[in-house]
Amino acid sequence: MTQPLETELLAEGDLDAELPPTSGAAAIEGRSPYKLAWLRIRRDRVAMASAIVIILIALLAILAPVIAHLTGHGVDQEFHRIGENLDGSPKGPGHIFLWGTDDQGRDLLVRCAYGARVSLEAGLIATAIAVFIGTTVGLAAGYLGKIVDTLLSRTIDLVLALPYLLFAIALVAVVGPSLRIAIAVIAFFSWASVGRIIRGQVLSLREREFVEAARSLGASSTRIMFVDVLPNVLAQVVVLSSLLIPSAIVFEATLSYLGLGVPPPTPSWGNIIAGAQTYTEAWWFLVFPGVLLLMTTLAFNLLGDAIRDAFDPRGDQNFARAKKG
């Protein structure tokens with residue numbers, strides 16, 4: 001009786017092929033979805049390469065003060081004599097300035113390292129806030145239903161309909177540009193998409209047997225939402241978080257590029273790129289922050305896709321079969 005079960009498990013892929021052969025009840029071993037997802041991600045070369053890139057970018061941000069100390073160049077220190085050409089344009093990469101200088105004669109490597117701090121901080125904090133609010137709203141709307149679902153769903157539709165750039169411009173005009181305002185704007189425009197997806201998942205879970213059993217035992221709605229239903233949507237929350245981080249990073253860079261994010265002289269990849277647009281001959285001024293932004297967002301997107309496929313491998317298999325057919 002164990003042979004058909006083992007054959008079926010192995011037919012899903014070579015993931016379980018590394019398990020030692022056993023017989024009887026010992027052959028049936030439960031595995032959590034998170035453990036299976038980790039095993040699949042660990043075998044995905046693109047996911048591992050993306051994770052390495054993210055770790056390197058994070059190290060660049062963490063070691064920014066060390067880089068500034070080793071080079072002897074402060075993040076806002078201007079070198080008009082040795083950091084600029086005779087015509088006042090940025091100086092190219094060399095032994096003194098490894099990545100060249102910007103339009104103010106400042107070390108571009110040091111500023112890009114500190115800019116990584118701003119971008120990652122904005123992306124991670126804004127994503128955490130958005131995921132927390134969106135998950136809570138989605139749980140309440142999907143489980144409580146009726147008038148609560150109607151009010152929260154219409155609120156989500158209203159937030160998704162707002163033009164974020166106009167809202168950001170109006171807000172900054174009132175309170176002034178800052179990193180906190182940028183994070184607040186990013187989180188405000190990101191939670192609604194999370195709430196809509198989580199609501200749909202909860203709607204499909206609230207009539208399941210384990211939820212009915214919890215109701216019959218007298219569990220409160222709050223306990224059922226956060227103890228019984230939430231663990232079953234955590235996989236979707238993890239996937240959404242990994243895909244929201246690059247969007248938040250690009251959002252922050254866009255706001256800083258437009259002068260609505262962090263105020264100068266605080267470095268951000270967005271305002272560094274904005275300063276480089278008038279110096280077409282200084283390729284390093286645009287290339288280095290642009291490549292860092294591209295690599296970071298691409299790595300997070302690829303890792304997010306890998307996490308999504310790891311939690312739902314059958315979707316990829318079905319698509320491949322349909323394409324073959």
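The residues of the range 54-105 that are in contact with a Pro (Cβ under 6 Å, 6 or more places away or on another chain) and not charged (D, E, K, R), listed by number, are Trp99, Gly100, Thr101. Out of everything in the range 223-245 that is among the β-branched types (Val, Ile, Thr), more than 23 Å from the chain's Cα centre (by Cα) and buried (at least 19 other Cβ atoms within 10 Å of the Cβ), what residue ends up being nearest to Leu298 (Cα to Cα)? Once the filter is applied, the top-ranked residue is Val229.
Using the structure shown, decide if Gly176 is within 30 Å of Leu63 (Cα to Cα), surrounded by fewer than 17 Cβ atoms within 10 Å (Cβ to Cβ) and more than 24 Å from the chain's Cα centre (by Cα). So Gly176 passes the test. Whether a residue is under 21 Å from Ile62 (Cα atoms) and either touching a residue at least 60 places away in the same chain (Cβ under 8 Å) or in the same structural domain as Gln77 (by TED's automatic domain parsing) (or both) was assessed, and Phe97 passes this test. Residues that are at pLDDT 90 or above number at least 2 in the following helices (runs of 4 or more DSSP H) confined to the range 134-250: 146-161, 179-205.
More than 27 Å from Asp312 (Cβ to Cβ) and either in the same structural domain as Thr127 (by TED's automatic domain parsing) or more than 21 Å from the chain's Cα centre (by Cα) (or both): does that describe Pro267? So Pro267 passes the test. Selection of the range 142-153 for residues being of a type outside the set (A, V, I, L, M) and exposed (fewer than 11 other Cβ atoms within 10 Å of the Cβ) yields only Lys146.
When the range 73-113 is filtered for residues that are within 35 Å of the chain's Cα centre (by Cα) and at positive phi, the ones remaining, listed by number, are Gly100, Gly105. Would you say Ile129 is in contact with a Gly (Cβ under 7 Å, 6 or more places away or on another chain) and in contact (Cβ under 8 Å) with a residue 40 or more places away in the chain? In short, no. Only one of Arg206, Arg180 is among the charged types (D, E, K, R) and touching a Phe, Trp or Tyr at 6+ places or on another chain (Cβ under 7 Å); which? Selected residue: Arg206, the only one of Arg206, Arg180 that is among the charged types (D, E, K, R) and touching a Phe, Trp or Tyr at 6+ places or on another chain (Cβ under 7 Å). Scanning the range 265-312 for residues that are touching a residue at least 12 places away in the same chain (Cβ under 8 Å), assigned to a helix (DSSP H, G or I) and of a type in the set (Val, Ile, Thr), we see that the one that is nearest to Arg180 (Cα to Cα) is Ile272. Being among the β-branched types (Val, Ile, Thr), assigned by TED's automatic domain parsing to the domain that holds Asp305 and within 20 Å of Phe132 (Cα to Cα), is that true of even one residue in the range 199-219? Within the range 199-219 (the criterion being among the β-branched types (Val, Ile, Thr), assigned by TED's automatic domain parsing to the domain that holds Asp305 and within 20 Å of Phe132 (Cα to Cα)), the answer is yes, since at least one residue qualifies. Across the range 147-181, which residue is farthest from Asn271 (Cα to Cα) among those that are among the small types (Gly, Ala, Ser) and in contact with a helix residue (DSSP H, G or I) (Cβ under 9 Å, 6 or more places away or on another chain)? Per the criteria, the residue is Ser153.
The set of residues from the range 179-212 being under 23 Å from the mean Cα position of the chain (by Cα) and more than 30 Å from Gly259 (Cα to Cα) comprises Arg196, Ile197, Ile198, Arg199, Gly200, Gln201, Val202. Taking Phe97, is it among the aromatic types (Phe, Trp, Tyr), modelled with pLDDT of 90 or more and assigned to a loop (DSSP other than H, G, I, E, B)? Yes. The condition of being closer than 20 Å to Gly142 by Cα, of a type outside the set (Gly, Ala, Ser) and in contact with a Leu (Cβ under 9 Å, 6 or more places away or on another chain) holds for only one of Leu292, Leu230, that being Leu230.
The values are calculated or read from the model by the stated rules, or taken from the named source; none is laboratory data. Keep in mind the model is a prediction, meaning the values are calculated, not measured. Heads up, the Cβs are rebuilt from the backbone with ideal geometry, glycines too, and the neighbour counts pull from every protein chain shown.
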